[in-house]
Structure formats: structure tokens, C-alpha cells
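The values are calculated or read from the model by the stated rules, or taken from the named source; none is laboratory data. Computed from a predicted structure; not experimentally measured. Ideal geometry is used to build each Cβ from the backbone, glycine not excepted, and the neighbour counts take in all protein chains shown. For the accessible areas, the whole protein counts, side chains as well, though only heavy atoms, and no ligand, DNA or RNA atoms are used. Shrake-Rupley method; radii C 1.70, N 1.55, O 1.52, S 1.80 Å.
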Amino acid sequence: MIYPHLNRLKFVRAIALAFIISVTPFAGFAQAPAQAPAPEAPPYQWPRSHDYDVQHYRIKVSFDWAKKSVAGETTITFQPFASGLKEVEIDAGNMTINSVRRDGGGPLKFRYEGNEKLFVTLDRAYTAGQNVAVTINYTSVPKQGLTFITPTSSDPNRPYQIWSQGEAKTNHYWFPCYDYPNDRATTEMIATVEDRYQVISNGALIDVKADARNKTKTWHWKMDQPFSSYLVSIIVGEYAEVKDHFKTIPVVSYVYRDQVENARVSFGKLARMVAFFSEKIGYDYPYAKYAQTMVRDFGGAMENITATTMTDTAVHDRRAHLDLSSDTIVSHELVHHWFGNLLTCRDWGEIWLNESFATFFSAAWTEHDLGRDDYLYQMLGNQKNYYQAWAQGNRRPIVTKRYEDPDALFDAYAYPRGAAVLGMLRFVLGEELFWKAIRHYVKKYEWQMVETQQLVVAIEEATGQNLQWFFDEWIYKMGHPEFLITKSYTESTRSLKLTVKQTQKPDDKRPWFQSPDHFTMPVDIAVTTASGEKVHRVWIDGREKEFTFTVDSKPLIVNFDRGNYIIKQVKFDRSDEELAYQLLHDSDVMGRVLAANELRSKRTDAAAAALAEAALKDPFWAVRIEAVKAMSGFKNDRVRAALIEAARDKDSRIRREALKGLAQLKDASLAELYIRVIQTDQSYFAVAEAAKALGQSGAPQAYNVLMGALNVDSWQETIRGGVMEGLAALKDPRALDVAFKYAVPGNPVSLRVAAFRVLGDTGKGNDRALEILTAGLKEQSLQLLFSAVQALATMGDARAIPALEEFLKGPLPPGIPEGQAKQFIGGLINRLKNAAKQK
């Protein structure tokens with residue numbers, strides 16, 4: 001999954017990664033991946049020093065839509081830390097500075113360096129703690145930090161919007177400020193816009209003044225509690241308000257005017273979330289309002305204080321709600337108002353104190369709302385996301401002062417690994433002490449910048465437990481234990497012996513990051529015999545440990561780390577029969593889920609039988625879905641029958657997964673099943689999966705059925721997208737006309753992407769298909785761009801070479817790694833040339 005909090009830059013990088021992946025594995029044009037260069041030590045990034053403490057920003061702005069520019073006047077009130085301050089350094093990116101003056105006084109001398117730094121010479125030296133205010137008049141065409149959304153030829157239905165995104169250091173491109181988290185100030189936002197638009201910003205709305213002659217309105221927002229400058233926000237657009245409240249505090253969702261009812265479906269739990277977090281953290285939501293505003297082309301959401309910015313795709317209708325929930329992203333951004341806004345990381349190397357806490361507390365909401373099993377499954381997802389990053393070579397401690405750029409830190413360590421570590425901390429301390437520690441930490445450091453060591457101290461103050469050992473291993477160092485577990489049972493003594501070895505090795509390629517010699521943790525080992533389950537808590541505090549348990553009979557299940565609290569990888573050889581028994585009988589839901597995962601690589605009758613039974617009968621949906629996923633690689637009648645039955649599950653998530661598994665069989669005799677789903681299932685996503693499966697089946701009736709399904713409207717074009725993928729798999733040349741219709745500008749990006757795939761799969765030799773795809777190389781949308789490259793690689797038409805060569809001449813769109821793009825697209829060009837020579 002994409003991490004819940006994903007700003008615009010992170011979205012671009014995610015698309016760029018997909019772009020790099022997309023051009024390598026298609027149609028015989030793949031090249032062996034080059035050996036990754038040895039990583040270089042990242043530089044130290046010490047927390048920033050500064051000479052003054054900002055007290056208040058007064059930001060006045062207006063906008064030019066045609067020029068995508070901002071005209072502004074920002075007054076910064078600050079206090080020197082030491083007496084004698086004569087010059088201040090202010091972050092101001094890509095601006096034209098018109099004037100600088102003392103607020104209420106005369107002009108001040110200034111110099112502007114590197115298109116980044118504004119140095120202001122004060123009219124005299126000022127003493128420590130004395131208020132000084134300077135007013136900067138400027139214009140800017142922001143390249144970062146502020147985005148103008150307007151209709152385009154590719155998407156003529158785009159709304160008119162302006163939205164900001166300041167994290168990590170881009171707010172200074174649209175207003176001058178001290179752009180680093182280790183300073184807090186109050187703010188005012190005074191924005192003048194055309195009278196058709198609303199302005200949403202931080203804090204409370206003071207007034208709105210209309211200018212009838214100029215057809216404008218000036219909106220005045222004020223935030224009285226101090227906060228870091230990256231959280232300053234502005235949104236301009238046309239909205240309806242969906243109102244709720246927590247106690248006397250307004251809780252508002254700003255949504256498009258035709259989406260009010262859908263917003264009630266999508267955000268119906270928001271006010272309850274505010275109440276839950278207030279109670280659980282022991283600290284009532286402390287601001288004048290909570291608002292979340294939907295915008296176009298925003299990659300995820302951002303917790304701007306009192307005024308969260310959120311992708312408009314978070315709003316969905318009742319039918320999509322069968323499969324989708326916005327609760328994760330909504331709860332994540334909301335709880336940032338304690339962890340990130342009330343308490344803010346002092347520097348970016350401590351970002352886990354914002355993001356890991358929000359990710360963990362999102363899972364805590366899941367536990368409150370849906371139950372403990374759903375919480376554990378969500379935490380397993382966090383672990384898996386971390387394991388994937390580790391396997392891909394993304395390796396670092398959670399807290400570090402060594403990194404290239406702050407944006408590089410918004411990764412698997414800031415989000416899922418850190419959240420998983422907080423889950424481990426909860427396990428180590430136990431429920432009472434963990435929540436006591438959290439409440440003390442929040443109260444002690446309210447309205448402050450924080451570092452991890454302050455959390456360590458707060459825990460000890462609240463619980464009496466010194467957990468420096470825990471933070472040293474799991475936070476300040478990197479890696480995780482790799483356990484090799486063996487067991488033996490002695491009938492004569494009725495004893496079970498378990499040997500646990502840690503086999504992980506230090507990462508020699510990154511000596512600048514340390515790993516522990518071994519990891520220390522308590523672990524629950526659950527032993528199930530014919531008489532029931534008994535849980536033994538042991539301490540793993542060495543590279544090899546041996547434990548002996550007295551049992552009343554031969555163990556049926558040995559569940560190492562009951563509940564799956566520990567970040568780890570385990571090699572524990574057990575027979576298929578043992579795993580099958582655990583899948584069907586373990587009282588621990590995580591034991592059943594992980595048994596299903598292990599059985600995925602088996603191909604025995606015992607594995608197939610157990611997976612089939614679990615897929616149909618387990619009471620917890622996640623076990624059923626993992627069993628269905630595990631069966632997808634099997635090809636036998638038992639599994640086929642189970643997948644067909646699972647495709648009728650009451651939970652649409654299981655139906656969808658079963659349809660994916662059946663699609664792999666490419667079985668035309670299943671066409672009627674797929675057609676029934678397409679015509680009757682209420683889940684948009686199940687219908688889309690059935691459409692894909694029908695295309696893969698190659699059934700004679702597939703084309704006509706898919707063409708009929710193109711007429712069905714759905715949220716975010718889910719069904720039409722699935723139909724287009726089905727047509728691509730079908731490889732019927734008649735589908736080209738449909739692809740031509742949906743591939744051209746004027747259609748939603750998601751449909752154009754699907755149409756590009758059809759063109760790549762079925763359009764080889766077709767002049768119009770080639771023309772559309774090569775034109776796609778000029779698209780501003782990165783999704784369309786990498787889809788065009790992917791389709792051209794699949795098509796394998798040498799006539800695309802000139803367009804690909806022209807693309808590489810650049811400049812490449814922002815976010816595309818130039819070196820990797822040239823490597824992979826250059827490889828594609830060479831293969832196209834070679835293929836042409838061979839012909």
C-alpha cells in the first residue's frame with residue numbers, strides 16, 4: 001500500500017519508481033538489471049541553528065490564475081535569542097522581493113542570494129527577547145509548495161483550485177519564513193480571491209470581507225496557538241461543508257458540492273475519531289476547529305494544523321464503500337494533531353515521532369472500531385511493508401542524522417516500521433503502563449518540539465521502566481532478528497525443547513549505520529496440546545537461547561510470538577500437516593494468517609485441503625483472504641472448487657481475491673461465473689476483477705460482454721478500467737476502436753492509462769496506436785507518461801525509436817530519475833533496434 005500520509009513530492013517519487021519498473025519486464029525487451037552501485041554514506045544533517053525565534057506570521061496573498069503566481073506581503077514578528085542582532089536570514093525561494101521595511105516604519109536594506117535566502121539588515125541592533133517585525137513585499141511563481149489546479153486538454157473537467165503543501169521545506173516558495181520544524185509561531189492568513197471561491201486555512205475564521213466592485217472576497221484566518229511553519233496551509237476552491245462537532249468544536253469536511261452525501265458515507269466516523277483520540281491520549285483536541293478539505297491531484301493527505309488537506313479520491317459512494325474505507329487516512333491525519341502538531345519533531349531525523357505515531361494510532365482506531373483481530377492484521381501489514389523495503393535495500397535506523405534530503409526520510413522507517421516498533425513497545429510495557437506513558441509524554445511536552453530521548457525519559461517517569469535498551473536496539477540501530485527455530489519433543493519426560501538462534505548478519509555495505517549484535521525482546525510462545533493452549537513468556541536476550549516446557553501431551557501447535565508483535569523473520573521448519581492443523585485450529589488469528597502464508601509455497605494435498613477449508617470457513621475475513629491468496633498458485637480441482645465458492649463470499653474483499661485466483665487458470669468454462677458477477681455483483685471492484693478474468697479466459701462471448709460493461713458508470717471509473725484491462729488481456733483487435741476512444745485527451749487519466757495498455761497489447765503495427773502512445777511521452781501526468789512507455793515496450797514497434805530518443809533528450813519531468821530513465825529507456829531503444837535488424 002501507499003503510506004497514508006503521502007505528500008505531492010512523495011507521490012511523484014512513487015510514480016517515478018513505477019515508471020522505472022514499468023519499462024523493464026515487457027515483451028522480451030527486458031534487460032538484466034544492472035548491479036546496484038555500492039551505497040555511499042549519506043551526509044550528516046544536524047538540526048538547524050537560528051538567531052531568532054519567530055513569534056507570529058501575518059501573511060497577505062492574492063493570486064493570478066493565468067500566470068500561476070502569488071503576490072504577497074508577509075510580516076514576520078520575531079525575538080532575537082541574543083542581544084546585538086543586526087541581520088536576519090529568511091527562507092524565500094524563487095521570489096521577486098519588491099521591498100522590505102520595518103512594520104510601521106521605514107525601508108530596510110536587504111540582499112537576496114541564490115534565489116533562496118533573503119538577508120535583511122535591521123535598522124539597529126536589538127536585544128534578546130525584544131519583538132521585531134519586518135514586512136516583506138514580494139511576488140512569486142512557485143515551482144514547489146503551492147499548486148494551481150486548472151482544466152487542461154487532458155482533463156477538461158478539472159476544478160479550479162489552489163493548494164499548498166509545505167512539508168518538508170517548500171512553504172518558503174510562496175511566503176517568506178523560517179522553514180524548519182524547530183521553531184513555532186502563531187499565524188494570520190489574509191487571502192483575497194474571486195468571490196466564487198472559498199479559502200480554508202489554519203485556525204479560526206475571523207471574517208470575510210466582500211468587494212462587490214472587484215467581485216472578490218478577502219478571507220481572514222487566525223491561529224492563536226504556535227506551530228511549525230511547514231504546517232501553514234491555504235486552499236482555494238468551491239466547496240460544500242459537511243458539519244459535525246466534538247463537544248463545542250466544529251468538525252468540518254469541505255467537499256465538492258455534488259459529493260455531500262458521498263462524504264457523509266466516507267467520513268461518517270470523523271467526529272467519533274476526535275472523541276476516541278481525545279480519550280485515549282488523555283488530552284482533548286485542543287484547537288478551534290478540525291477541518292479536512294478535498295483537493296485534486298494531491299498524493300494522499302497532509303495534517304496542516306486544524307486544516308488537513310486530503311486527496312479528493314478519499315470521497316466515495318455507498319457502493320464503493322463495500323470495498324473501501326477512508327478511515328485509515330482520515331484517522332492518520334487527525335491524530336497528527338497530537339503527534340506532529342501539538343508535539344512536533346525537532347528535526348527531520350526524528351520524523352518518526354510524527355509519522356510512526358500517526359500510523360500506529362490509525363491502527364489503534366481500527367482496534368477500537370473493528371476489533372483486536374483487525375488491529376493485529378493492520379500491524380502485520382506494517383511489518384510486511386517494512387520487510388519489503390529492507391529486501392529492496394532501503395536500510396537505516398528509524399532515528400538518524402545521516403540523510404541526503406528530508407524528503408528521503410518519509411519512508412518505510414518513518415511509517416510502518418516505526419508503527420510496528422510502537423506496537424512492540426505496547427507489548428513490552430503492557431496495556432496499563434503503555435497508555436500511562438503516552439498520556440504523560442503528551443502532557444509533559446505539549447506545544448513543544450520533541451526528540452526521541454524525551455520520549456524515553458517520559459516513559460521512565462510514568463512507568464518506572466528504563467527502556468534505553470529497547471530504543472538503542474530498535475530505534476537508534478537498524479535491522480531485525482532472523483530466527484532459526486528448531487523443536488524436539490520427548491515423550492518419556494513430556495517435555496518440549498525449543499532452540500532459538502539469531503542468524504542475522506551486519507550490513508557490511510552500510511557500516512555507518514549500526515546493527516545490534518542481537519535483539520532483545522520478550523516473546524510469547526503458545527503451545528497447544530489436546531487439552532488446550534498454554535502461553536509461556538520468555539526473554540530472547542542472546543544470539544542463541546534454549547527453552548524447555550513441560551507439556552501434558554505431544555504439542556499440536558507451537559506458535560512462536562503469539563500475536564505476531566515482534567518485527568522478525570523466522571525459519572521454523574514444520575510439516576505441511578502441522579501448518580495445516582495450525583491454520584484450522586490456532587486460537588491466535590495471527591497464527592492462522594501466518595500459517596496460510598507459509599502454506600502458499602507448498603503443493604501438497606494437506607496444504608490444499610487446509611487452505612480450501614480456511615478460505616470458506618474461517619470466521620475472520622483476513623484469514624479467509626490470505627487462504628484465498630495462498631491457493632492462487634495451486635492448480636487442482638479442490639482448489640478450483642474452493643475459489644469458485646469463495647467468489648460467492650459475503651465479503652467483497654474475498655470475492656475479489658478469489659476472482660484474481662480464478663483468472664490465473666485462464667479457463668473459458670468459467671466465463672458464465674464471471675458474467676454473473678459482472679451483471680449482478682454490487683461491488684465495483686468485484687465487477688472489475690471479473691471483467692479482467694473474463695478477458696484472460698479468452699471465452700468466445702468475452703468481447704461482447706465486456707463491450708456491454710463499458711456502459712456502466714462507477715466510482716473513479718473502476719469498472720471501465722477493469723473492462724479495459726480485460727480487453728487488453730483478450731487481445732482482440734476489435735478493442736482498438738474502444739482504446740482509441742478512451743486514450744485521447746478529454747478522458748479521465750485512469751481510463752487513458754487503461755486504454756494505453758490495450759494499445760500496447762493489441763496495437764502492434766497500427767499507425768494510430770503508435771501515434772497516440774508516442775504522443776503520451778509528452779504528457780505532464782506521470783501516470784500517463786510511464787503508461788505510454790510501458791505500452792511502447794509491450795508493443796515492440798521500432799518506429800517508436802525517434803520519439804523515445806527525443807524524450808531522453810529532455811528535460812525529463814520532475815521526479816523522473818535521469819540516470820535510471822536513460823539506462824532503461826536506452827536499453828529499450830537498443831532492443832527495438834536489434835529486433836528491427838533481425839527482421
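Computed quantities for the displayed model
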item: Phi to ³J(HN,Hα) by Karplus 6.51 cos²θ - 1.76 cosθ + 1.60 over segment 561-570, Hz, x for Gly, Pro; result: 6, 4, x, 6, 7, 8, 6, 5, 10, 10
item: Unit charges at the beta carbon, dipole of segment 587-655: most positive-side option, 634, 610, 623; result: 634
item: Solvent-accessible surface (1.4 angstrom probe) belonging to residue 707, in square angstrom, nearest 10; result: 60
item: Solvent exposure of the chain as accessible area per residue, Å², 1.4 Å probe; result: 40
item: Dipole magnitude of segment 133-265 about its Cα centre (Cβ charges: Lys, Arg +1; Asp, Glu -1), debye to nearest 20; result: 120
item: Carbon plus sulfur fraction of accessible area for the chain, probe 1.4 Å, in percent; result: 49
item: Order of exposure, largest accessible area first, which applies to 535, 61 with probe 1.4 Å; result: 535, 61
item: For segment 59-218, size of Cβ-based charge dipole, Lys and Arg +1, Asp and Glu -1, in debye; result: 320
item: Charge sum, other residues only, whose C-beta stays under 13 Å from residue 646's C-beta, Lys/Arg counted +1 and Asp/Glu -1; result: +3
item: Cβ-based charge dipole, the chain, positive-most Cα from 344, 321, 63; result: 63
item: Amide H contacts under 5 Å for residue 56, placed H, 5+ residues apart; result: 77, 186
item: Sparsely packed GluC sites (Glu not before Pro) within segment 471-560, loop by DSSP, other Cβ within 10 Å at most 16; result: 491
item: Lys, Arg +1 and Asp, Glu -1 on Cβ, resulting dipole of the chain about Cα centre, debye, nearest 20; result: 1460
item: Ranked by how many other beta carbons lie within 10 Å on average, peptides 293-306, 245-258 from highest; result: 293-306, 245-258
item: Counted charge near residue 272, where neighbours are those whose Cβ lies closer than 11 Å (Asp, Glu -1; Lys, Arg +1); result: -3
item: Dipole axis of the chain (+1 Lys, Arg; -1 Asp, Glu on Cβ), positive-most option in 542, 560, 643; result: 643
